[in-house]
Amino acid sequence: MEFVLVDDDKLKVFLTRKDLEELGINYESIDYSDENTRKALVSLLEQGRAQAGFNPRRAKLYIEVFPSQDGGCVIYYTRLQGGEVFAAGRFVPGPAPVVFAFECSEALIRACAGAKLRCVHRILRSSLYLLEKQYRLVIWPLDYSDNLSVLFLSEYGKAVGEGAVLAAFIEEHGKLLVLENAIETLAELQA
């Protein structure tokens, strides 16, 4: 369990599968109308206040939960400033995919090796395709608020767009090279 104060209005909580088990919840069953979920979220908020200094001061909170690769999840608590309206129980989709183009395999492998060391924990999943004589790395970042994984990969490849439609286009028209965990798979190729 790790608490990170993103800024004065946002707390990020990393939970492993074991952490979720100890809280008596799992990602698939998180539902704010469930009493166990509410207790777990309040408990985490109190721990975030104590460990990271997050103090929402009676403000309304917007809570987002995203799955992580290890079977755990990442929870964001965001203090609303006023004016933001989120319907109760509204579905908030997972991270939007971001697509990078690489001209050569060397840059792609260096990017993946660096990403594995620095920010793979910030990426839900990654896939690799060949399209129009370029490698297209599709990632689903979990760090949408600070975009560190996207910024890191942008140092090696060109971000060509984001969204489910672009990812579906690449999946349909590109040649699949690595379906799951492309970053980890390619990082192993660097000697």
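The values are calculated or read from the model by the stated rules, or taken from the named source; none is laboratory data. Here the structure is a predicted model, which means the values were calculated and not measured. No Cβ is skipped: glycine too gets one built from the backbone with ideal geometry, and neighbour counts run over all protein chains shown.
Miscellaneous remarks
- Residue identified as surrounded by 18 or more Cβ atoms within 10 Å (Cβ to Cβ), assigned by TED's automatic domain parsing to the domain that holds Val6 and at pLDDT 90 or above among Phe102, Phe66, Phe54: Phe54
- Qualifying residue in the range 170-185 (condition: buried (at least 16 other Cβ atoms within 10 Å of the Cβ), closer than 23 Å to Leu117 by Cα, in the same structural domain as Ala111 (by TED's automatic domain parsing) and within 15 Å of the chain's Cα centre (by Cα)): yes
- Taken over the range 7-48, the residue count meeting the criterion of being of a type in the set (S, T, N, Q) and crowded, with 17+ Cβ neighbours inside 10 Å is 1.
- When the range 119-173 is filtered for residues that are without any contact (Cβ under 8 Å) to a residue 12 or more places away in the chain and closer than 30 Å to Lys10 by Cβ, the ones remaining, listed by number, are Asn147, Leu151, Val165.
- Evaluation of Val120 against the conditions (1) within 19 Å of the chain's Cα centre (by Cα); (2) at pLDDT 95 or above shows that the sole unmet condition is (2).
- Count of the range 4-32 residues which are among the hydroxyl-bearing types (Ser, Thr, Tyr) and more than 17 Å from the chain's Cα centre (by Cα): 2
- Within the range 9-54, the set of residues being touching a strand residue (DSSP E or B) at 6+ places or on another chain (Cβ under 8 Å), assigned to a loop (DSSP other than H, G, I, E, B) and not hydroxyl-bearing (Ser, Thr, Tyr) comprises Asp9, Ile30, Gly53, Phe54.
- Candidates Tyr129, Tyr135: the one that is assigned to a strand (DSSP E or B) and touching a His at 6+ places or on another chain (Cβ under 9 Å) is Tyr129.
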